[in-house]
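Written below as structure tokens is the structure these notes are about.
Every number here is computed from the coordinates shown, using simple stated rules; none is lab data. What you see is a predicted model, and the numbers here were worked out from it, not measured in a lab. No Cβ is skipped: glycine too gets one built from the backbone with ideal geometry, and neighbour counts run over all protein chains shown.
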């Protein structure tokens, strides 16, 4: 059984007892969180498709930890002008364990 859920503006394919990494969520570490924007649920070949979401369907999860992603390097250069600029950042993420899918 899996579902497609919109979390923080992005769509994720989630399954029970799997981990996902999303943009930083507002919940504390160890707190339960519910996602209401369920767009598709596949239950052993029976597909329920929402227009745009399925009414009454929820996905519950648990925020395990807040962390930072890998470093992303941004490098700008203009040829033959002597212009170089190097910059970078690390994205703030949340690790979420999917506990149940209710269709």
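What to note about this one:
- Going by neighbour counts of Cβ atoms within 10 Å, the residues 4, 74 line up, fewest first, as 74, 4.
- Translational diffusion coefficient of segment 2-102 (Stokes-Einstein, Kirkwood radius from Cα pairs, 4 °C, 1.567 mPa s): 83 µm²/s.
- Cα centroid of segment 2-40 to Cα centroid of segment 46-103, whole Å: 11
- Per-residue packing, averaged as other Cβ atoms within 10 Å, sorts the ranges 6-19, 54-67 into the order 54-67, 6-19, beginning with the highest.
- Footprinting exposure proxy for 80, 24, 90 (fewest neighbouring C-beta atoms within 10 Å first): 80, 90, 24
- Length added when fully stretched, residue 51-residue 75, from 0.36 nm per residue minus Cα-Cα: 4.5 nm
- Full-stretch length increase - residue 43, residue 90 - with 0.36 nm per residue and alpha-carbon distance subtracted: 13.3 nm
- Principal axis dimensions, segment 1-54 - Cα atoms, whole angstrom, descending: 35, 23, 15
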